[in-house]
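In what follows, a structure is listed as structure tokens, so that the remarks can point back to it.
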Amino acid sequence: MQYGYHIEATNSNTVISTLDNLRSLNMIICKTKSEVREALQVIRDNGERIGAVPTMGALHNGHLSLVEKVKSLGGHAVASIFVNPLQFGPHEDFSDYPRTLDSDLALLKAQGCDVVFTPAGREFVSADFSTKISVAGVGEGHCANSRPQFFDGVATIVTKLLNVFSPDFAVFGEKDYQQLMVITQLVRDLDLDIEIIGAPTVRESDGLAMSSRNEYLSPKERSQAAKLFETLNLVAEKIAQGRVAWADIQKWAIARLETAGFANVDYINYVDAMSLEPILSPDQPGRLLAAAWMGKTRLIDNIPIARRIS
Ligand code: PAF
């Protein structure tokens, strides 16, 4: 199996002893855990806050908004770029996943990111790696039904990254809403003293949620893909009207997506925004979650459903 990638040039030999020294380097690129720990310690020693942005690279404006969020909260941003083998199933797109390190680094630098961690695969996930972190409840159902290894892989790697970075807070996109809930739960359960912050989904002009996998779409598929977001919004209207039972709205939504060109709808679920259990009362804040296949590309999206004021 192929693990991650290497970059040729780093400033790993630079002695980073003061924050001014770190600032003058612009953006520090670290390939090893000890390098990144050393760089972050300089920030911590100066009493400044660190915000983490874990990514798998192939960066788009959605990722950059997470770095922006860190900066807007007064933190120094540490981003990671690591295509995590643990979260891909055997027949998924691990080897095809876009790897665009040079442009990722340029984008992060332009966004004012302070430190980037780009570990080589074996440095971070050793050949004999055997620990698994598994989050029950929010980590079950929805995406976990069709990607049974996914949330364990995410939870395990994110725990490792948070352990290496020890940030004050970490920012994740709401686009991956179930992932955000899984990470929130694991941080609470494991008493990690790190605030988890969700950032709003960034969308293309037609509403399609930005995703590194959108580049797999053919021009025709791309033109149909925004129907997912459009359908979620129509479903939200139907829920707000309160005239039709959820099971019937769900059937209608699946049929609409199939007519719009989605080959297969994995799920469209109306759930409690925190527990991700099926919603029992419109008085609770809800979330609509969906996953559907446009050709060979699996797209996910979600929107909030406001609590009904009766
Ligand atoms: O959302 C992602 O890109 C990944 O799932 C994450 C959180 C970086 C873990 O590999």
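Could you tell me which of the residues Val171, Val187 is β-branched (Val, Ile, Thr), modelled with pLDDT of 95 or more and not in a helix (DSSP H, G or I)? Show your work before the answer.
Values: Val187 fails: not in a helix (DSSP H, G or I).
One residue alone meets the criteria, Val171.
Which one is nearest to the ligand (Cβ to nearest atom) among residues in region 150-168 that are farther than 26 Å from Asp272 by Cβ and part of a helix (DSSP H, G or I)? Show your work before the answer.
Looking only at region 150-168, we keep the residues that are farther than 26 Å from Asp272 by Cβ, and these are 157, 160-161, 163-168.
From what is left, the residues that are part of a helix (DSSP H, G or I) are 157, 160-161, 163-165.
Values: Ile157: 5, Lys160: 10, Leu161: 8, Asn163: 14, Val164: 13, Phe165: 12 Å.
Selected residue: Ile157.
For region 60-87, which positions are open to solvent by 20 Å² or more (accessible area, probe 1.4 Å) and either within 16 Å of the ligand (Cβ to nearest atom) or among the aromatic types (Phe, Trp, Tyr) (or both)?
His60, Asn61, His63, Ser65, Lys69, Leu86 - these are the residues of region 60-87 that are open to solvent by 20 Å² or more (accessible area, probe 1.4 Å) and either within 16 Å of the ligand (Cβ to nearest atom) or among the aromatic types (Phe, Trp, Tyr) (or both).
What single numbered condition from (1) open to solvent by 80 Å² or more (accessible area, probe 1.4 Å); (2) out of contact with any helix residue (DSSP H, G or I) (no Cβ under 8 Å at 6 or more places or on another chain); (3) of a type outside the set (Val, Ile, Thr) fails to hold for Glu92?
(1)
Please go through region 108-142 and give me each residue that is farther than 18 Å from Thr55 by Cβ and part of a helix (DSSP H, G or I), ordered by number. Break it down into steps so the answer makes sense when it comes.
Within region 108-142, the first condition is being farther than 18 Å from Thr55 by Cβ, and the residues that meet it are 122, 126-142.
Passing the criteria: Arg122, Gly137, Val138, Gly139.
Quickly run through region 112-130 and pick out the residues that are open to solvent by 50 Å² or more (accessible area, probe 1.4 Å) and touching a helix residue (DSSP H, G or I) at 6+ places or on another chain (Cβ under 9 Å).
Filtering region 112-130 down to residues open to solvent by 50 Å² or more (accessible area, probe 1.4 Å) leaves 122-123, 127-130.
Correct list: Glu123, Phe129.
Among the numbered criteria (1) modelled with pLDDT of 95 or more; (2) surrounded by 15 or more Cβ atoms within 10 Å (Cβ to Cβ); (3) of a type in the set (A, V, I, L, M), which single criterion is violated by Ala136?
Every condition holds for Ala136 apart from (2).
Does at least one position in region 212-226 carry a residue that is over 23 Å from Leu288 (Cβ atoms) and within 12 Å of the ligand (Cβ to nearest atom)?
no
Name the pairs whose Cβ atoms lie under 6 Å apart, with the first residue in region 88-104 and at negative phi and outside any helix (DSSP H, G or I), the second open to solvent by less than 70 Å² (accessible area, probe 1.4 Å) and modelled with pLDDT under 95, and 6 or more positions between them or separate chains?
Arg99/Tyr5
Among the residues of region 57-69, which ones are out of contact with any Lys or Arg (no Cβ under 9 Å at 6 or more places or on another chain) and of a type in the set (A, V, I, L, M, F, W, C)?
Our first condition is that a residue be out of contact with any Lys or Arg (no Cβ under 9 Å at 6 or more places or on another chain); within region 57-69, this holds for 59-61, 63-69.
Within region 57-69, Leu59, Leu64, Leu66, Val67 meet the criteria.
The values are calculated or read from the model by the stated rules, or taken from the named source; none is laboratory data. As the structure is a prediction and not an experimental result, all values here were calculated from the model. A quick note on method: Cβ atoms are made from the backbone with ideal geometry, for glycine too, and the neighbour counts reach across all protein chains shown. For accessibility, only protein heavy atoms count, side chains too; no ligands or nucleic acids. Shrake-Rupley method; radii C 1.70, N 1.55, O 1.52, S 1.80 Å.
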